[in-house]
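Taking it in order: structure first as structure tokens, then the write-up.
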Amino acid sequence: MTYKLVATDLDGTLVGRDLRISPRARRAVQRVHDAGVHFVMATGRMFRSTLPYARDCDVVTPLITYQGALIRDPRTMEDLWHRTIAPELTSEALEALAEAGLHVNLYVNDELLVEKITPQSELYSRISQVQPRVVASFHDPQLSSPTKLVAIGDPEQIDRWVPLLKERFGNRLYVTKSIAPFLEIANAEINKSVALAHLAERLGVKREDVIAFGDGMNDLDMLEWAGCGVAMGNASEALKAVADRVAAPIHEDGVARILEELF
């Protein structure tokens, strides 16, 4: 099978715990480029946090960021797709997260905003390599339509609140867990598969010609949508169960191994 589009999550899939893309993985991405195939990064990260990785791998295809809420061209900086959270839902989500006692990050205009610096905000900043800006209040009308909210807490706390918030908001908001301490909330119309389908259509690529890689439950819909969904060896058994293939884990360059086989 010759694929025309390769889509991959970053953290835990292409980016290791050292927050780097390995030399072997970069060479594998170059093989994809040399074959004339689109290479798409599809991540929950901010655009500004994703862009250095794209440049590191010479990626020119639009980047899917914020769990699919924003697709932006890394060359022209043009937004091809952007779905924000409505003001009334933003207020309700902030209220729910306050009840949960979780630290909250707010994202507006690709900027990381916090109401105060906490150990949780410092953890996020270290992983994203983006410094936050402290604002007086998230209830400022200028901040009422964010791209995404991220709540940060102990993994057990996050696991408890994800289903509770999914039940509370139903089809009004998209609620997911990315890495263990992060609960993410975005526009109900988005997820990685919706954004990938939109981008694939724009690029003239059919669903069956897409291969997608991921390691988290926020990648599940993307792996199910793609012609071939590949779960990482370090993924949960639930994700592996829906995948068409299972790659070696991130520390064994699972993505690179399969790309070397295909290209």
Selection over the stretch 108-131 where residues are closer than 16 Å to Tyr66 by Cα and either assigned by TED's automatic domain parsing to the domain that holds Met46 or surrounded by 11 or more Cβ atoms within 10 Å (Cβ to Cβ) (or both) yields a count of 11
- prompt: Any residue in the stretch 12-20 that is touching a Gly at 6+ places or on another chain (Cβ under 7 Å), surrounded by fewer than 24 Cβ atoms within 10 Å (Cβ to Cβ), under 25 Å from Met217 (Cβ atoms) and outside the structural domain of Leu112 (by TED's automatic domain parsing)?
  reply: yes
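Could you tell me whether the stretch 190-201 includes any residue that is assigned to a loop (DSSP other than H, G, I, E, B) and either of a type in the set (D, E, K, R) or more than 12 Å from the chain's Cα centre (by Cα) (or both)?
no
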Exactly one of Ala212, Ala235, Ala231, Ala247 is under 21 Å from Leu80 (Cβ atoms), aliphatic (A, V, I, L, M) and either outside the structural domain of Gln67 (by TED's automatic domain parsing) or touching a strand residue (DSSP E or B) at 6+ places or on another chain (Cβ under 8 Å) (or both), and that one is Ala212
Q) over 15 Å from the mean Cα position of the chain (by Cα), surrounded by fewer than 17 Cβ atoms within 10 Å (Cβ to Cβ), aliphatic (A, V, I, L, M) and not assigned by TED's automatic domain parsing to the domain that holds Leu19: does that describe Ala93? A) no
With criteria (1) closer than 30 Å to Gln157 by Cβ; (2) within 19 Å of the chain's Cα centre (by Cα); (3) among the acidic types (Asp, Glu), Asp73 comes up short on (1)
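Is there a residue in the stretch 39-56 that is of a type outside the set (A, V, I, L, M), without any contact (Cβ under 8 Å) to a residue 60 or more places away in the chain and surrounded by fewer than 17 Cβ atoms within 10 Å (Cβ to Cβ)?
Yes, the stretch 39-56 has at least one match.
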* Out of all the residues in the stretch 187-194, is one or more buried (at least 21 other Cβ atoms within 10 Å of the Cβ), among the small types (Gly, Ala, Ser), touching a strand residue (DSSP E or B) at 6+ places or on another chain (Cβ under 7 Å) and over 21 Å from Arg48 (Cα atoms)? -> no
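Results for (1) among the basic types (Lys, Arg); (2) over 29 Å from Arg27 (Cβ atoms); (3) at pLDDT 95 or above, shown as yes or no for each residue.
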position: Thr50; (1), (2), (3): no, no, yes
position: Tyr53; (1), (2), (3): no, no, yes
position: Asp56; (1), (2), (3): no, no, yes
position: Val60; (1), (2), (3): no, no, yes
position: Thr65; (1), (2), (3): no, no, yes
position: Arg75; (1), (2), (3): yes, no, yes
position: Asp79; (1), (2), (3): no, yes, yes
position: Thr84; (1), (2), (3): no, yes, yes
Residues of the stretch 115-148 being under 23 Å from Ala188 (Cα atoms) and part of a strand (DSSP E or B), in sequence order, are Lys148
Within the stretch 232-263, the count of residues that are closer than 16 Å to Met1 by Cβ, of a type in the set (D, E, K, R) and assigned to a loop (DSSP other than H, G, I, E, B) comes to 1
Contact list, first residue from the stretch 235-262 and more than 21 Å from Ser178 (Cα to Cα) and surrounded by fewer than 16 Cβ atoms within 10 Å (Cβ to Cβ), second anywhere and charged (D, E, K, R) and modelled with pLDDT of 95 or more, beta-carbon distance below 8 Å, six or more apart or interchain, is Glu260/Arg31
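The values are calculated or read from the model by the stated rules, or taken from the named source; none is laboratory data. These numbers come from a predicted model, not from an experiment. Methodologically, a virtual Cβ is constructed for each residue, glycine included, from the backbone with ideal geometry; neighbour enumeration extends over all protein chains shown.
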